[in-house]
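First up is the structure itself, then whatever we jot down about it.
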Amino acid sequence: MNIGIFIYPDAEVLDFSGPFEVFSTASRLCDGNKAFSVFLIAEHNAVVSARADYKVLPDYSIKDHPPLDVLVISGGVYTSELENKVVTDWIRDQAQSVKLIATVCTGVFLLAQAVQSLSCKVTTHWEDIPDLRNLFSRLNVVDGVRWVDEGNIVSSGGISAGIDMSLHLVSRLHSDELAEKTAHQMEFFWTKNT
């Protein structure tokens, strides 16, 4: 199963590295059967400066990545990406072909901008909930939860909540047993309740 994590300038580091660690650890624990192939995708095949100038080299660009089963959109300083039609068009196209889209933190802003018909229940970082409600009034924005699962759209609160959501996705896409083993291996206390 191909899990592509989208990153961009000023993406929050744990928003993409947390889910990356969850899916890569889960694959390592699958008794030789690689359950997930996880990789980073950016607009271009070039180093991306994430938050605090953390340098990241994506595996693929939006033009050359393998077909995705799951797209994870990381959060961060998203405002310039909202105006990036190349990126929002790509997200819109992916939404029509992937099985599931997950967003971490403010990544939900990019999804809502790209998919104008999106009107489900979502969440984001507590600090950004008022802005999300104001910008996208068609969304049912929920606060006080770690993540929201709406079937093919799953969104999480900020930063470390993306790890909880990713463990939930491992449970959903593979098994609860693998998710539990992954959390234990990562020495992470998995908050299961949404």
Local electrostatic count at Leu14 - Lys and Arg +1, Asp and Glu -1, tallied over other residues with Cβ under 13 Å: -3
Give the carbon-plus-sulfur fraction of the accessible surface of the chain in %, rounded to a whole number; probe 1.4 Å, heavy atoms of protein chains only. 48 percent
Non-local residues with an amide H under 5 Å from the amide H of Val154, with H modelled 1.01 Å from N and Pro and chain starts lacking one, are Ile101, Ala102, Thr103
What is the dipole size for region 1-143, taken about its Cα centre, with +1 at each Lys and Arg Cβ and -1 at each Asp and Glu Cβ, in debye to the nearest 20? 360 debye
Can you give the extra length, in nm with one decimal, that the chain gains between Val77 and Asp93 once fully stretched, where that is 0.36 nm per residue apart less the Cα-Cα distance? 3.5 nm
Relative contact order %, region 45-120, counting alpha carbon pairs below 8 Å whose residues are six or more apart: 31 percent
Going 7 Å from the Cα of Asp31 along its beta-carbon direction, which residues of region 155-188 have the amide nitrogen within less than 12 Å of the resulting point? 178
DSSP loop (so not H, G, I, E, B), at most 14 other Cβ within 10 Å: list which trypsin sites (Lys or Arg not before Pro) in region 63-171 pass both filters. Lys63, Lys99, Arg138
Mean projected area, convex hull of alpha-carbon positions in region 45-190, reported to one decimal in nm², is 9.1 nm²
Alpha carbon centroid spacing (whole Å) that separates region 80-97 from region 25-42: 25 Å
Efficiency by 1/(1 + (r/R0)^6): what FRET value for Ala52 and Ser119, r their Cβ-Cβ distance, R0 = 45 Å, to the nearest 0.05? 0.85
Largest first, what is the accessible-area ranking of Met186, Met165, Met1 with a 1.4 Å probe? Met1, Met186, Met165
Based on the Kirkwood radius over alpha-carbon pairs, what is the Stokes-Einstein translational diffusion coefficient of region 57-132 at 10 °C with 1.306 mPa s viscosity, in µm²/s? 123 µm²/s
With +1 assigned to the C-beta of every Lys and Arg and -1 to the C-beta of every Asp and Glu, and no other charges, what is the dipole magnitude of region 1-83 about the Cα centre in debye, to the nearest 20? 260 debye
Solvent-accessible area per residue for the chain (1.4 angstrom probe, square angstrom): 45 Å²
Once both label points are put 7 Å beyond Cα along the C-beta direction, the Asp69-Asn84 separation in nm becomes 2.7 nm
Among the listed pairs Lys63/Lys181; Lys55/Lys99; Lys63/Lys192; Lys34/Lys85, give every one whose C-alpha distance is greater than 32 Å. Lys63/Lys181; Lys63/Lys192; Lys34/Lys85
Tell me the relative contact order for the chain as a rounded percent, counting alpha carbon contacts under 8 Å between residues six or more apart. 21 percent
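The values are calculated or read from the model by the stated rules, or taken from the named source; none is laboratory data. Here the structure is a predicted model, which is why all the values come from computation and not from measurement. Don't worry about glycine lacking a Cβ; one is built from the backbone with ideal geometry, like all the others, and counts go over all protein chains shown. We work out accessible area using only protein heavy atoms, side chains counted, and drop any ligands, DNA or RNA first. Shrake-Rupley method; radii C 1.70, N 1.55, O 1.52, S 1.80 Å.
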